[in-house]
Amino acid sequence: MLDRTQSDLDPDTEDTSQILVTEAPADHVEPTPRWQRPLGWLRRAGQFLFTLSFSSLTRRIVSLNLAGLIALVASILYLSQFRAGLIDARAQSLLVQGEIIASAIAASATVETNTITIDPDRLLDLKPGESYGAPDEFSGLDFPINPERVAPVLLRLISPTKTRARIYDRDGVLILDSRSLFRRGDVIRFELPPPTEVKPGFLERTTIAIRTWLNRGDLPLYRELGPENGNGYYEVAQSLKGKKSSMVRINDRGEIIVSVAVPVERPRVTIFGSLMLSTQGDDIDQMVTAERLAILKVFGVAMVVMIVLSLLLASTIAGPVRRLADGAERVRRRIKTRIEIPDFTRRRDEIGHLSGALRDMTDALYNRIEAIETFAADVSHELKNPLTSLRSAVETLPLAKTEASRGRLLEVIGHDVRRLDRLISDISDASRLDAELQRTDVAPVDVRRLLTTLTSVANQTRLGHDVGVEVRFEGNRADTFSVPGHDSRLGQVISNLLTNAQSFSKSGGRVRIVCRRLKSEIEIIVDDDGPGIRPDALERVFERFYTDRPHQGFGQNSGLGLSISKQIIEAHRGRIWAENRPGPTDAHGDTRIAGARFVVRLPAT
């Protein structure tokens, strides 16, 4: 309900160009801000286009293809062999670098002094010919590492490599750390204030979590130990025993740390300490990240190509299938008008085959509907004739005054009743023929045996016709006369053709059946010696309820026999037609008709 204020109705109001429209009492809804309206329009347009252009099948094709590609890329990123090879190469490089630096430190790191501490008791233990201070005896002398002399050498050697170096003495106590050196090699001696801890943001935490998930695996966690706990590092403890060692760890930021430790020693003298070299937190990760970025770039290009190819593939599948489904839906809704299914038969694939099958099915459906309508109209017309005659005879019977008149009327009534019974029987047989042929399984039928049996039965019964039947098989004895089908229905066709031929033949005549094989078909020919068929009726004889029997009384035949025969033959994927058998020429040179001929061809097995 809409209400207007008084200003809308009063022309004397200052602002008559505006109309205030208020809704009837309802829940109050805040209006959408103007800056949000374009976003809503774009969202609705995107949803519409997505629904219009991306069917369920299209989304499945694209999703499955992308899922396989994403799984492949994820496995490459997670199980990258490049990272493992890079870590091994980095560890070997650090070991070589550590051996060089340790040798330089061992050569120049001892304290210079003019005095040597000598043990007097040991001098007394010397034997004649022995001297104090042989090379092997210097292991007992104490030559500690001098940080002031080592620092410049260490700084020059590690500066180009961007690695961290730490020197520990024989007790695992930190002597020197490259992080505590100035550029000139001076050692920092004052205490630095503790660093202020800054909490990472959400984006940084997400990055750290992803990096940790990608890099962690079974790597141990790296922790900074105090200066007195050098032996807490496995590699340092091993190097103080004279063994080179390396370790790969991961820090709390998800960065890979490669560290090696080599002993600082002079050959055959003693171990002065341990040199530990370790990579910076982002050293290896930068190279791995660069490699992963390259993989992601390739993934992006492959993803675009895959999406385009998937859309093209889906357009060749989902689009035609949707059009075929729409066509089938229109056929279902508009059954009375002929709807054409889209034609994709030019495609040499399953879509083309499906289109052809649907078109054939639709044509068969329409033909079946039209045939049913025509059959119903013909049945109605044919039943009206005897019913009309029967009603007239019944209405006239009370008016008949003589016995002869009543007898003729009763004869007409009996004739019409028999005609109705015959029509109903033939109509019932024709109506259930298709269903019976569909329900019964196809089996090989021996045509030779079938024709021989039917010929024998026809010659024995005659059924009121004094006309004999003979059969002849042409071809080699090795030829097989077998067709796939239903023996009872094929026997019905042959019996119908024989009965028609006998009914049109003169008394004492013969009906001839010839059967021969033509490559992949079996041909059956039925000839009689009757008057033949009028040229204009060669096609009409197969129509329902058509009959042309001048020598018989009206209503003696339903006209469904040949129609049913044609229906059976076509259901067996065969053909049947009628023609006149040529005879001798007359005095005027015209060819006479020697009789009628019906030809049946069926596909052979």
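The values are calculated or read from the model by the stated rules, or taken from the named source; none is laboratory data. Since this is a predicted model, take the numbers as computed values, not measurements. Cβ coordinates were reconstructed from backbone atoms using ideal geometry, including for glycine residues, and neighbour counts include every protein chain displayed.
What to note about this one:
- Considering the conditions (1) surrounded by 15 or more Cβ atoms within 10 Å (Cβ to Cβ); (2) at pLDDT below 85; (3) touching a helix residue (DSSP H, G or I) at 6+ places or on another chain (Cβ under 9 Å), W213 is excluded by exactly one of them, (1).
- One residue from D360, D343 being in a helix (DSSP H, G or I) and under 30 Å from P320 (Cβ atoms): D360
- The stretch 439-457, subset among the hydrophobic types (A, V, I, L, M, F, W, C) and without any contact (Cβ under 8 Å) to a residue 60 or more places away in the chain, residue surrounded by the most Cβ atoms within 10 Å (Cβ to Cβ): V445
- Remark: pairs (first residue in the stretch 551-573, among the small types (G, A, S); second residue surrounded by fewer than 16 Cβ atoms within 10 Å (Cβ to Cβ) and modelled with pLDDT of 75 or more; Cβ separation under 6 Å; 6+ apart in sequence or on different chains) are absent.
- In summary, strands (runs of 3 or more DSSP E) completely within the stretch 239-283 and bearing 3 or more residues that are modelled with pLDDT of 90 or more and either touching an Asp or Glu at 6+ places or on another chain (Cβ under 7 Å) or more than 15 Å from I101 (Cβ to Cβ) (or both) occur at 245-250, 256-266.
- In the set V483, V493, V514, only one residue is assigned by TED's automatic domain parsing to the domain that holds R575, closer than 30 Å to T374 by Cα and either exposed (fewer than 14 other Cβ atoms within 10 Å of the Cβ) or at pLDDT 90 or above (or both); that residue is V493.
- Filter pass, E350 being under 21 Å from the mean Cα position of the chain (by Cα), more than 30 Å from A74 (Cβ to Cβ), modelled with pLDDT under 85 and surrounded by fewer than 14 Cβ atoms within 10 Å (Cβ to Cβ): yes
- Residues of the stretch 503-539 classified as outside any loop (DSSP other than H, G, I, E, B) and either under 30 Å from S482 (Cα atoms) or touching a strand residue (DSSP E or B) at 6+ places or on another chain (Cβ under 9 Å) (or both), total: 20
- Residue check, R544 at pLDDT 85 or above and within 55 Å of the chain's Cα centre (by Cα): no
- Matching entry among S431, S405, S389, S425 (being touching a helix residue (DSSP H, G or I) at 6+ places or on another chain (Cβ under 6 Å) and among the hydroxyl-bearing types (S, T, Y)): S389
- Residue check for G185: small (G, A, S), assigned by TED's automatic domain parsing to the domain that holds T270 and modelled with pLDDT under 60: yes
Let's see how each residue does on (1) without any contact (Cβ under 8 Å) to a residue 60 or more places away in the chain; (2) within 58 Å of the chain's Cα centre (by Cα):
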| site | (1), (2) |
| --- | --- |
| T396 | yes, no |
| A400 | yes, no |
| A404 | yes, no |
| I413 | yes, no |
| D416 | no, no |
| R422 | no, yes |
| L437 | no, yes |
| N459 | yes, no |
| D466 | yes, no |
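- Among residues that are at pLDDT below 85 and outside any helix (DSSP H, G or I), T461 is not included.
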